There are 2 protein chains.
Amino acid sequence: MANKNITSRDVDFAKWYDNVVSSAKLSKYSNVKGCIILEPNGYAIWEKIQQNLDKMFKESGHKNVAMPLLIPESLMKKEGELIEGFAPEAAWVTMGGNKTLEERMCIRPTSETVFSDYFSGAISSYRDLPLKYNQWCSVLRWEKETRPFLRSREFWWQEGHTIHETASEAEKETQDMLDTYARFFRDYLAIPVIGGRKTDKEKFAGAEYTLSIEALMYNGVSLQSGTSHYFGQKFSKAYDIKFLNRNNELEYAYQTSWGVSSRMIGALIMVHGDDDGLILPPKIAPTQVRIVPIKVEENILSVAKEYYEKLKNAGISVELDDDDKTSAGFKFAESEVLGVPVRIEIGMRDLENGQITLSRRDTKEKIQVSKDCDIVAEIQALMNDIQNNLLQRATNRRDSMTYTATNLDEFAKIMNNTPGFIKADWCGNEECELKVKEIRGTKSRCILENEKMLTGKCVVCGRPARHLVLWGIQY
Amino acid sequence: MANKNITSRDVDFAKWYDNVVSSAKLSKYSNVKGCIILEPNGYAIWEKIQQNLDKMFKESGHKNVAMPLLIPESLMKKEGELIEGFAPEAAWVTMGGNKTLEERMCIRPTSETVFSDYFSGAISSYRDLPLKYNQWCSVLRWEKETRPFLRSREFWWQEGHTIHETASEAEKETQDMLDTYARFFRDYLAIPVIGGRKTDKEKFAGAEYTLSIEALMYNGVSLQSGTSHYFGQKFSKAYDIKFLNRNNELEYAYQTSWGVSSRMIGALIMVHGDDDGLILPPKIAPTQVRIVPIKVEENILSVAKEYYEKLKNAGISVELDDDDKTSAGFKFAESEVLGVPVRIEIGMRDLENGQITLSRRDTKEKIQVSKDCDIVAEIQALMNDIQNNLLQRATNRRDSMTYTATNLDEFAKIMNNTPGFIKADWCGNEECELKVKEIRGTKSRCILENEKMLTGKCVVCGRPARHLVLWGIQY
């Protein structure tokens, strides 16, 4: 019995997505065109993401800071490629108080420029390096088309910015942070990702190169889920970030930046969700367990409260739905639409048989356990199982939707009928990349540097290939 | 031996403040006029504040959300008093992408308008109430004069916004949140505050009334440290926030908002700090204990590491300063300028005597304890003592600088010679408030509703008084 407020994802995926977002009360559009509101349920997921990622950042020696929201145009312009890339999307403040500003300022679309400006005054010697900073904030990009979480004018993210003594150390940081993202996606979001290098066409404006992780949604569309950029000395030359090196010579620092955003919530929805709503991996679910008394009566409630206390004291995030105005059926549907991983159902008949029912959100399976079981251990084991199952299920689906193609006909046939990831060889010319784009807008996702090429011939032009590339239709 | 980079606070308090901010590396001005950067040490304090306050908010049933940064002018204008109050300080976005916007938008100076707009679409019945929301974000006000933490164009804060079924419930929320702030200041920041109601002249634009907590700095200047506003139905009428009440009639909701900001870091500096730098209460210190080996030698280091592990495992935030390039004296000074509550000093001679030294930041006292003591218990007891001592010291100082005055001469003499808080009766007329302002800009801090008047005559005009008021020079 599917949720009547939710269109089936196999019928209309875009509508299904919007229905899940609104039924689970994650987000609403605001009266500011293209800007969303993160409602309590959406923000609670974002908080869980922040807590866990922030811990990983700190464990690897990163420190949080806060940089200004506004960037003067002259500061923005010091590095030419960046301003060129972001100018079409910038929002400009031209008045402060009741006066026209002498110089307009943009609301940060990203903060390389302000970090670089800060770094230039913060170091003098190699002993001051590395500086490994991060900030959690929102940024603004004047997008034309918007979808909640996937693309909105304002979005929430973290941006890491680091400077280093040597190129190799900075390059290692670039890779390390990509690996951190991939680990977070796997271990917390239960989403398998593929990491690689962006082509020159798709890299970040101003970067020497960009690494990305790419995930595949249920409908076969891919989502760029995180990026890590190596800048070399580009920004340090433009912003004068110099230090005395070990040979007592002035040298420009080597720089990185990396970010993931509230877009991850979109990925959670589209990788795990079903026709009943959201499905959240236990490790990222704001509520891990919801206890539903089939009838709100004292003898059932007293048992429910006992479980509630035990689970709460064990550090499990648990809610007791003891509202006596709504039916058990309504409560079941609600816990499902919200994606709560485990529901404990306590009914009179069950209790008489010395049992309770654990209902898992991922498989809808109902498991009878003894009323006197070690509830904490049961729930922990079940949550582990759900976490693993979600990753396995997403991996299997991703793998079954990952194809290879050795010529353009084959490529087009796949993308037109059963879209997903396609692995195909590429000669390295942008011309061929643009040719692929004619097929439903398919873009290169990333270069798979550690995998062997298929035939050694470009899937488009047939000339000698230089890379195996992952391709996909993108959000 | 005072820190040579820090001017004595008794010589030049303003300079002392700036010296502490920069020596402790809390904040720097950015290249955006009037906008500051929160550096790692400053941001770490902000994070501790956030964690603890956020927990208190959630325990009292509040939920976090995120609202848009931009507010269209028409939305801003729906409530007349608010726009009048904030228009002179607003920063306006007039261009998005490369186009002039049809309607300009301001960067939020505060978010009553966007919350109200959201609330109007979010409720239909009394069953949907209350909604108790909060957001952590930065806001922008185009201030002319700025000081790090005390007043800057961009600052970081939380803003709570709630709507309720009845006036009394909303008024209770207004008072409850003020009490929450007062408790947080007392129990975490070790700062005593005085709470009361703002005069009409000093209340928030658009509020029925404003409650505030007021703290006194070392130099006798007062700092408005948090505010809680009761709006009644003002915004709900302007923004159409209606619900069906228990009599099945449409009624406008009753509303509150409340906020505290990164200004609290300024209060921490100016209430507790001394000529050696910052002094942080243990409950809010990012680093609670720093271990300094007098010499970085293996036999000392091994003991240091043992303590480090024990304290860390007990959940105490501890650092081991094992840099072998700097002297113990340098390390001592650094831990002092950063305000680390406890330093553990481990020297060879001490060790031979079976001892180590605990050095407390608040009193500079050095305490010898047995090398084999229960270090976790010792440190916890010491931190408790420091936390209590800081509050006691600040309270004593505040009390000794709180005066009464029954006529304007007396009033002026105090403010000109030994400024602090002055309690004095007031008739309720703005004219008299303005008269007081002529004395070094002294303003009413708040009306002390639960205290008896002194003489029943206004300190300015001598006519019958209506309130006992707390007055002070303000930041």
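The values are calculated or read from the model by the stated rules, or taken from the named source; none is laboratory data. Only a predicted model underlies this, so the values are computations on that prediction, with no experimental measurement involved. Glycine also receives a Cβ, built like all others from the backbone with ideal geometry; neighbour counts cover every protein chain displayed.
Does B:Pro281 qualify as being touching a Phe, Trp or Tyr at 6+ places or on another chain (Cβ under 8 Å) and outside the structural domain of B:Gly160 (by TED's automatic domain parsing)? So that I can check it myself, show each step before the final result.
Working: touching a Phe, Trp or Tyr at 6+ places or on another chain (Cβ under 8 Å): yes; outside the structural domain of B:Gly160 (by TED's automatic domain parsing): yes.
Spelling it out, B:Pro281 is indeed touching a Phe, Trp or Tyr at 6+ places or on another chain (Cβ under 8 Å) and outside the structural domain of B:Gly160 (by TED's automatic domain parsing).
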Practice task
Starting from segment B:298-316, take each residue that is touching a residue at least 24 places away in the same chain (Cβ under 8 Å) and list its partners that are assigned to a helix (DSSP H, G or I), counting only C-beta distances under 6 angstrom and pairs at least six apart or across chains.
Solution key: B:Tyr307/B:Ile375; B:Lys310/B:Ile375; B:Lys310/B:Val376; B:Ala314/B:Val376
Completion exercise
When B:Val114 is run through (1) among the aliphatic types (A, V, I, L, M); (2) facing chain A (nearest Cβ under 8 Å); (3) under 13 Å from A:Met95 (Cβ atoms), the failure sits at (3)
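Kindly provide the set of residues from segment A:77-86 that are within 12 Å of chain B (Cβ to nearest Cβ) and over 22 Å from A:Glu145 (Cβ atoms), ordered by number.
Listed by number, the list holds a single entry, A:Lys78.
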Fill in the blank from the handout: A careful count of residues in segment A:99-151 that are closer than 14 Å to A:Leu69 by Cα and among the small types (Gly, Ala, Ser) gives 2
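Need a quick list: helices (runs of 4 or more DSSP H) entirely within segment A:38-121 having at least 3 residues that are more than 27 Å from A:Lys237 (Cβ to Cβ), touching a residue at least 24 places away in the same chain (Cβ under 8 Å) and of a type outside the set (S, T, N, Q).
Details: elements: A:40-59, A:73-76, A:80-86.
Ranges flagged: A:40-59.
Of all residues in segment A:364-387, count the ones that are outside any helix (DSSP H, G or I), among the aliphatic types (A, V, I, L, M) and closer than 18 Å to A:Leu338 by Cα. Talk me through it step by step, then tell me what you get.
Our first condition is that a residue be outside any helix (DSSP H, G or I); within segment A:364-387, this holds for A:364-374.
Right, trim to among the aliphatic types (A, V, I, L, M) and you get A:367, A:369.
Next, only the ones that are closer than 18 Å to A:Leu338 by Cα stay: none.
Residues flagged as outside any helix (DSSP H, G or I), among the aliphatic types (A, V, I, L, M) and closer than 18 Å to A:Leu338 by Cα within segment A:364-387 amount to 0.
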Handout entry: Of residues in segment B:49-67 being in contact with a Ser or Thr (Cβ under 9 Å, 6 or more places away or on another chain) and of a type outside the set (Gly, Ala, Ser), the one nearest to the other protein chains (Cβ to nearest Cβ)
Key = B:Met67
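Go through the residues of segment B:92-108 one by one and say whether even a single one is under 28 Å from the mean Cα position of the chain (by Cα), more than 10 Å from chain A (Cβ to nearest Cβ) and farther than 30 Å from A:Pro130 by Cβ.
Taking segment B:92-108 and keeping what is under 28 Å from the mean Cα position of the chain (by Cα), we get B:92, B:106-108.
This time we only want the ones that are more than 10 Å from chain A (Cβ to nearest Cβ), so: B:108.
From what's left, farther than 30 Å from A:Pro130 by Cβ: B:108.
Within segment B:92-108, one or more residues are under 28 Å from the mean Cα position of the chain (by Cα), more than 10 Å from chain A (Cβ to nearest Cβ) and farther than 30 Å from A:Pro130 by Cβ.
Within segment B:69-76, is even one residue touching a helix residue (DSSP H, G or I) at 6+ places or on another chain (Cβ under 7 Å) and not aliphatic (A, V, I, L, M)? Even if it seems obvious, please write down each step before you answer.
Step one: of segment B:69-76, the residues touching a helix residue (DSSP H, G or I) at 6+ places or on another chain (Cβ under 7 Å) are B:71, B:75-76.
Retained after the next criterion (residues that are not aliphatic (A, V, I, L, M)): none.
No: zero hits.
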Fill in the blank from the handout: Condition set assigned to a strand (DSSP E or B) and either acidic (Asp, Glu) or modelled with pLDDT under 95 (or both), scope segment B:151-204, selection nearest to B:Val436 (Cα to Cα): answer is B:Arg151
Practice task
Examine segment A:144-152 for a residue that is within 13 Å of chain B (Cβ to nearest Cβ), at positive phi and not small (Gly, Ala, Ser), and state whether such a residue exists.
Solution key: yes
Handout entry: Lone unmet requirement of (1) part of a strand (DSSP E or B); (2) in contact with a helix residue (DSSP H, G or I) (Cβ under 8 Å, 6 or more places away or on another chain); (3) of a type in the set (A, V, I, L, M) for B:Val459
Key = (1)
Fill in the blank from the handout: Counted residues in segment B:17-37 being at the interface with another protein chain (Cβ under 10 Å from one of its Cβ atoms), in contact (Cβ under 8 Å) with a residue 12 or more places away in the chain, on the phi < 0 side of the Ramachandran plot and touching a Lys or Arg at 6+ places or on another chain (Cβ under 8 Å) come to 4
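Let's see how each residue does on (1) over 25 Å from B:Leu189 (Cα atoms); (2) in contact with a helix residue (DSSP H, G or I) (Cβ under 9 Å, 6 or more places away or on another chain):
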residue: B:Lys305; (1), (2): yes, no
residue: B:Tyr308; (1), (2): yes, no
residue: B:Asn313; (1), (2): no, yes
residue: B:Ile316; (1), (2): no, yes
residue: B:Ser335; (1), (2): no, no
residue: B:Val342; (1), (2): no, yes
residue: B:Glu352; (1), (2): yes, no
residue: B:Ser359; (1), (2): no, yes
residue: B:Gln368; (1), (2): yes, yes
Practice task
Please state which of the following conditions B:Glu89 fails to meet, knowing it meets all the rest: (1) out of contact with any Phe, Trp or Tyr (no Cβ under 6 Å at 6 or more places or on another chain); (2) within 7 Å of another protein chain (Cβ to nearest Cβ); (3) within 21 Å of B:Arg141 (Cβ to Cβ); (4) modelled with pLDDT under 95.
Solution key: (1)
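Every residue, every condition in (1) under 19 Å from B:Gln158 (Cβ atoms); (2) surrounded by fewer than 21 Cβ atoms within 10 Å (Cβ to Cβ); (3) not charged (D, E, K, R), yes or no:
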residue: B:Lys28; (1), (2), (3): no, yes, no
residue: B:Glu39; (1), (2), (3): no, no, no
residue: B:Lys48; (1), (2), (3): yes, yes, no
residue: B:Asp54; (1), (2), (3): yes, yes, no
residue: B:Lys63; (1), (2), (3): yes, yes, no
residue: B:Glu81; (1), (2), (3): no, yes, no
residue: B:Ala90; (1), (2), (3): no, no, yes
residue: B:Lys99; (1), (2), (3): no, yes, no
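Got a sec? Which of A:Thr395, A:Thr402, A:Thr418, A:Thr455 is touching a residue at least 40 places away in the same chain (Cβ under 8 Å) and in contact with a Ser or Thr (Cβ under 6 Å, 6 or more places away or on another chain)? Break it down into steps so the answer makes sense when it comes.
Values: A:Thr395 fails: in contact with a Ser or Thr (Cβ under 6 Å, 6 or more places away or on another chain); A:Thr402 fails: in contact with a Ser or Thr (Cβ under 6 Å, 6 or more places away or on another chain); A:Thr418 fails: in contact with a Ser or Thr (Cβ under 6 Å, 6 or more places away or on another chain).
Unique residue meeting the criteria: A:Thr455.
Within segment A:350-371, is there a residue that is under 18 Å from A:Asn313 (Cα atoms) and within 32 Å of the chain's Cα centre (by Cα)? Walk me through it before giving the result.
Filtering segment A:350-371 down to residues under 18 Å from A:Asn313 (Cα atoms) leaves none.
No: segment A:350-371 contains no residue that is under 18 Å from A:Asn313 (Cα atoms) and within 32 Å of the chain's Cα centre (by Cα).
Quick check: is even one residue across segment B:177-185 surrounded by fewer than 21 Cβ atoms within 10 Å (Cβ to Cβ) and either touching a Ser or Thr at 6+ places or on another chain (Cβ under 7 Å) or among the polar types (S, T, N, Q) (or both)? Before the answer, list the steps.
Residues of segment B:177-185 surrounded by fewer than 21 Cβ atoms within 10 Å (Cβ to Cβ): B:179, B:182-183.
Now narrow it down to the ones that are either touching a Ser or Thr at 6+ places or on another chain (Cβ under 7 Å) or among the polar types (S, T, N, Q) (or both): none.
No, the conditions are met nowhere in segment B:177-185.
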Exercise for the section: Say whether the condition of being in contact with a His (Cβ under 7 Å, 6 or more places away or on another chain), surrounded by 20 or more Cβ atoms within 10 Å (Cβ to Cβ), under 29 Å from A:Glu430 (Cβ atoms) and not polar (S, T, N, Q) is met by at least one residue in segment A:165-174. Expected result: yes
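Of the residues A:Arg197, A:Arg153, A:Arg147, only one is in contact with a strand residue (DSSP E or B) (Cβ under 8 Å, 6 or more places away or on another chain) and under 30 Å from A:Met401 (Cα atoms); which?
Working: A:Arg153 fails: under 30 Å from A:Met401 (Cα atoms); A:Arg147 fails: in contact with a strand residue (DSSP E or B) (Cβ under 8 Å, 6 or more places away or on another chain).
When all the criteria are applied, what remains is A:Arg197.
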Handout entry: Index of the failed condition, A:Trp156 passing every other in (1) surrounded by 17 or more Cβ atoms within 10 Å (Cβ to Cβ); (2) among the hydrophobic types (A, V, I, L, M, F, W, C); (3) more than 14 Å from chain B (Cβ to nearest Cβ)
Key = (3)
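Table: residues versus (1) among the hydrophobic types (A, V, I, L, M, F, W, C); (2) under 19 Å from B:Gly259 (Cβ atoms).
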| residue | (1), (2) |
| --- | --- |
| B:Ser60 | no, yes |
| B:Pro68 | no, yes |
| B:Gly96 | no, no |
| B:Met105 | yes, no |
